[in-house]
Amino acid sequence: MSDYNFAYLDEQTKRMIRRAILKGLAIPGYQVPFASREMPMPYGWGTGGVQVSAAVLTPDDTFKVIDQGADDTTNAVSIRRFFEKTAQVKTTETTRDASVIQTRHRIPEGDLGEDQILVYQVPIPEPLRFLEPSEVETRKMHSLEEYGLMHVKLYEDISQHGAIATAYAYPVKVEGRYVMDPSPIPKFDNPKLEMAAIQLFGAGREQRIYAIPPYTQVVSLDFDDFPFEPTKADHACDLCGATDSYLDELIVDDAGGRMFMCSDTDYCSTRRKAGHVGAQGVPYSEDAA
Amino acid sequence: MTPLLQVEDIAKFYGHRIGCTGVSFDLFPGEVMGIVGESGSGKSTLLNCLAGQLTPDAGAVRFDTRAEGLRDTVTMNEPERRMLGRTDWAFVHQHARDGLRMNVSAGGNVGERLMAIGARHYGDIRAEATDWLDRVEISADRVDDRPTTFSGGMQQRLQIARNLVTGPRLVFMDEPTGGLDVSVQARLLDLLRGLVREMNLSAIIVTHDLAVVRLLADRLMVMKDGYVVETGLTDQVLDDPQHAYTQLLVSSVLQV
């Protein structure tokens, strides 16, 4: 017996959030304001994502949380425990088994299906924020589709670095209309934003929810002579040998030793279970730390 | 000949106080109109009403749009007015920092209007920006520097480049030489005069500096307390002022 209402939030709050989600799905990429609640965690730890997850979870769901692709970091573990306690839903680390996946800064490597929902934690939902500080003005720019300023940022990147140096939170245009911040996912993940699953974005502190419905066109902004390029470390995973996944770089000693490994832990361990071994990897064993 | 801008009985009130009232004039293509008057005479209010930055309480401002001829910009909807604001119109502020993005490089500042109307080729945008910096006498190696590193005169020239890059037909200028020292003023005026003639621009220049209008303006409008007290050709008004206030204004200019 739990003393919490199912999934922590009260039913009226969840209805309010669901209305915002439905509006967001109806207008892909549009930031819907919602009355964000105080959650039992600090802003910046995923209060927006948690509220969206709470509103979409049902008792039959299986829940997965990843933080930078990993299932076992503090943020992921605490949010997973939070819903284990307040909603008693099943949780999993396997991407394929989850029906709701809450993520911070990554999209899982494997393709998601139509029966899955991906919930993003968003720190700053407004892609124009660092160029135009006024919220009144940015809203007007969205409503009048005045997005020239977004390209000024990309122009500045090229003039300073010789290439578009924005590596994460790379701005996209959704269904030919709204320019959207895909949350701080690496631009490697941008092409995956066109997917079969429903994608919901929650920004708790900024009180905004937005969404990308399944199979929606998502185009990364670029210049004709500097086309968009998804980038990753030019390496293979040292544990599982994958060459197609996004990699984390890990410093392993004081002598300049380092290794690269998949940021998506589930993807990596699944491959290792299947017998793939990378340059510094050892064959997978169930009880290895 | 159709006027480029037709202003009819514009009035703007701040509560009971008059901002400006009863202003009417026609501006023809290639013509430069000067508006002079002392501080608080309503010249900036008038300019902001004309440029769509303030909504006048009465009157009409009709602009000869490329597609549909004369249209009232006061009753026009906002997207159309903002579109005019970044294509056919340009607005040069007195303080360059009001008109520039100070945290964006000079090239980005000039390129912004191009990108706003759909330019998506980096090389072309940069070439155009460099070309315009050259035209306003800023050397090409400053293209990646931020305006914060520029002198006041350079910032003002950069602001002009940024505004003229899309080839506007009408330029609004609010004290373009304010706060600059005389030699820098002279260069800026020389530059402006060249650009206005070369591009066949129409311009409305608000200033309290009679030398500026003498040099740039074809026609002059003298304002006091929100009313237009005298209009006419620049030389005629300055050499033979009729209204008492204009006489005062002309005689107040310090002689060196």
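P(r) for chain B, please, calculated from all Cα pair distances in 5 Å bins and given in %. The distribution over chain B is 1, 6, 13, 17, 18, 17, 13, 8, 4, 1, 0, 0, given as percents. Between the Cα long axis of helix B:106-116 and the first principal axis of chain B there is an angle of about 80°, rounded to the nearest 10.
The stretch between A:K273 and A:R81 holds 66.5 nm of extra length on full extension. This uses 0.36 nm per residue minus the Cα-Cα distance.
If you keep only loop residues by DSSP, which GluC sites (Glu not before Pro) in the stretch A:12-109 have at most 16 other Cβ atoms within 10 Å of their Cβ?
Details: sites: A:E38, A:E84, A:E93, A:E109; in loops: A:E38, A:E93, A:E109.
Passing sites in the stretch A:12-109 are A:E38.
The Cβ shell under 14 Å around B:P241 holds other residues with a net charge of -2, Lys and Arg each +1, Asp and Glu each -1. Partner lysines whose Cα lies under 23 Å from the Cα of A:K64, excluding those fewer than 8 positions away in the same chain, are identified as A:K14, A:K85, A:K90, A:K187, A:K192, A:K273.
As an exercise, identify the trypsin sites (Lys or Arg not before Pro) in the stretch B:3-103 lying in DSSP coil whose Cβ has no more than 13 other Cβ atoms within 10 Å. Each step should come with its number before you reach the end.
On the way: sites: B:K12, B:R17, B:K43, B:R62, B:R66, B:R71, B:R81, B:R82, B:R86, B:R97, B:R101; in loops: B:R66, B:R101.
Within the stretch B:3-103, the qualifying trypsin sites (Lys or Arg not before Pro) (loop, at most 13 other Cβ atoms within 10 Å) are B:R66.
Counting charges near B:A96 (Lys, Arg +1; Asp, Glu -1) among other residues having Cβ under 10 Å from its Cβ returns a value of +2. Please give the Cα centre distance for the stretch B:165-221 versus the stretch A:97-131, rounded to the nearest Å. Rounded to whole Å, the Cα centres lie 53 Å apart.
Calculated [222 nm] ellipticity per residue, helices only, for chain B: -11000 deg cm²/dmol; basis is -39500 (n - 2.57) per DSSP H run with n ≥ 4, divided by all residues, nearest 500.
Distance between Cα centroids, the stretch B:119-162 to the stretch A:69-93: provide it in whole Å. What the calculation gives is 53 Å, centre to centre.
Helix B:152-164 and the longest principal axis of the Cα set of chain B meet at an angle near 90°.
Per residue, how big is the convex hull of chain A when only Cα atoms are used? Give it in Å³.
Details: hull volume 44.9 nm³, N = 289.
Given the Cα convex hull of chain A, per-residue volume reads 155 Å³.
Where q = 0.14, 0.22 Å⁻¹, what log10 of I(q)/I(0) comes from the Debye formula for the stretch B:144-256, counting one point per Cα? The Cα Debye sum returns log10 ratios of -0.65, -1.30.
The phi torsions of the stretch B:26-37, fed into the Karplus equation with coefficients 6.51, -1.76 and 1.60 and a -60° offset, translate into couplings of 10, 10, 9, x, x, 9, 10, 10, x, 10, 10, x Hz, rounded to whole numbers, with Gly and Pro shown as x. The trypsin sites (Lys or Arg not before Pro) of the stretch A:145-223 include none that meets both conditions, a loop assignment by DSSP and at most 13 other Cβ atoms within 10 Å of the site Cβ. Peptide B:215-226 has a mean of 0 when you count, residue by residue, the C-beta atoms of other protein chains within 10 Å of its C-beta.
What Kirkwood hydrodynamic radius, in Å, does the stretch B:1-94 give when the mean of 1/r is taken over all pairs of distinct Cα atoms and then inverted?
On the way: mean 1/r = 0.0723 Å⁻¹.
Evaluated on the stretch B:1-94, it is 13.8 Å.
Here, each number is a calculation from the coordinates, and none is a lab measurement. Computed from a predicted structure; not experimentally measured. Methodologically, a virtual Cβ is constructed for each residue, glycine included, from the backbone with ideal geometry; neighbour enumeration extends over all protein chains shown.
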